[in-house]
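*Asks:* The structure that follows is given in the form of structure tokens.
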Amino acid sequence: CQLLGNLVQERRLQRSRVGEFQILAQWALQDPLTGLANRRAWDQQLQELANSGAALTKPLCLAMLDVDKLKHVNDARGHDAGDAVLRAAASGLRGALRASDFAARWGGDEFALLLQDVPPQHARAIVERIRAATDRQIAEQTEQTPTLSAGVVGVASGTVIQTDRLWQRADAALLKAKHAGGSCSVEYTPPGLQAE
């Protein structure tokens, strides 16, 4: 009987440890402030895409978003107000995305999106819809006016993913959105194809 009791106790301890490991794994991949995936989870998601080495069977869109003038909010109203903006942005993103989409807090005031099955010709318009919906969510939840800027890269099916290059392009497009005054989405355009 004592041996059976020890076995039952050992089983309970193992189940408890499995639950603890699952919680730790979740914490390791989740941003504690926003509840979105964190940078580590984002990097894993992109690594999975790159590791396949095969051409995409469906198009996708990668977008990098940045909260405009969050520093002004932090300076004028405090970091709690800035955190409220970040939480509202995360809430807006979650509400505007499909189940197949992936959103992460990339760091600081930046977010990253990976949208599956989005044709390149529709990528900017879709990200702009998500961005505008998130802006509205920030205003409603915080009664503050920060907005988002977005850099967008659409990738056609049949393309072999080079994640570093995609990320650099999204970052370059985001920089253009910021230079244009923010509160907009800009799609990456190869240097030779830019309008005069």
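The values are calculated or read from the model by the stated rules, or taken from the named source; none is laboratory data. As the structure is a computational prediction, the values presented were derived from the model and not from experiment. Heads up, the Cβs are rebuilt from the backbone with ideal geometry, glycines too, and the neighbour counts pull from every protein chain shown. Only protein heavy atoms, including side chains, enter the accessible area calculation; ligands, DNA and RNA are left aside. Shrake-Rupley method; radii C 1.70, N 1.55, O 1.52, S 1.80 Å.
*Asks:* What distance in nm lies between label points placed 7 Å from Cα along the C-beta direction at Gln141 and Ala99?
*Replies:* 2.2
*Asks:* Place a label point 7 angstrom from the Cα of Ala133 along the Cα-to-Cβ direction, then list the residues of the range 39-67 whose backbone nitrogen is under 16 Å away.
*Replies:* 61, 63
*Asks:* Next up: State the Cα centre-to-centre distance between the range 57-100 and the range 125-196 in whole Å.
*Replies:* 12
*Asks:* Moving on. Over the chain, with every protein chain in place, what whole percent of the accessible area is carbon and sulfur at 1.4 Å, could you tell me?
*Replies:* Reported share for carbon and sulfur atoms: 52 percent.
*Asks:* Moving on. Based on the mean of other Cβ atoms within 10 Å per residue, sort peptides 125-131, 35-41, 160-166 so the most packed one is first.
*Replies:* 125-131, 35-41, 160-166
*Asks:* Only bridges with both residues in the chain count here: give the DSSP antiparallel percent, nearest 5.
*Replies:* 85
*Asks:* Can you compute the modelled spin-label distance between Lys178 and Leu29, with each label point 7 Å from Cα toward Cβ, in nm?
*Replies:* In this crude spin-label approximation the distance works out to 2.9 nm.
*Asks:* If you don't mind, another one. Rounded to the nearest whole Å², what accessible area per residue is found for the chain with the 1.4 Å probe?
*Replies:* 58
*Asks:* When a/c reaches 1.5 or more, the comparison of a/b and b/c decides; with that in mind, is the chain rounded, prolate or oblate per its Cα gyration tensor?
*Replies:* oblate
*Asks:* Between Leu13, Leu115, Leu60, where does the largest GNM mean-square fluctuation fall for the chain, given springs only between Cα atoms within less than 10 Å?
*Replies:* Leu13
*Asks:* Could you give the dipole magnitude of the chain about its Cα centre, charging the beta-carbon of Lys and Arg +1 and that of Asp and Glu -1, in debye to the nearest 20?
*Replies:* 460
*Asks:* Taking the Cα atoms only, what angle lies between the long axis of helix 39-52 and the longest principal axis of the chain, rounded to 10 degrees?
*Replies:* With rounding to tens, the tilt is 80 degrees.
*Asks:* Right, here's the next one. Rounded to the nearest 0.05, what FRET efficiency do His122 and Gln44 give with R0 = 25 Å and r taken as the Cβ-Cβ distance? Could you check?
*Replies:* Plugging the Cβ-Cβ distance into 1/(1 + (r/R0)^6) gives 0.40.
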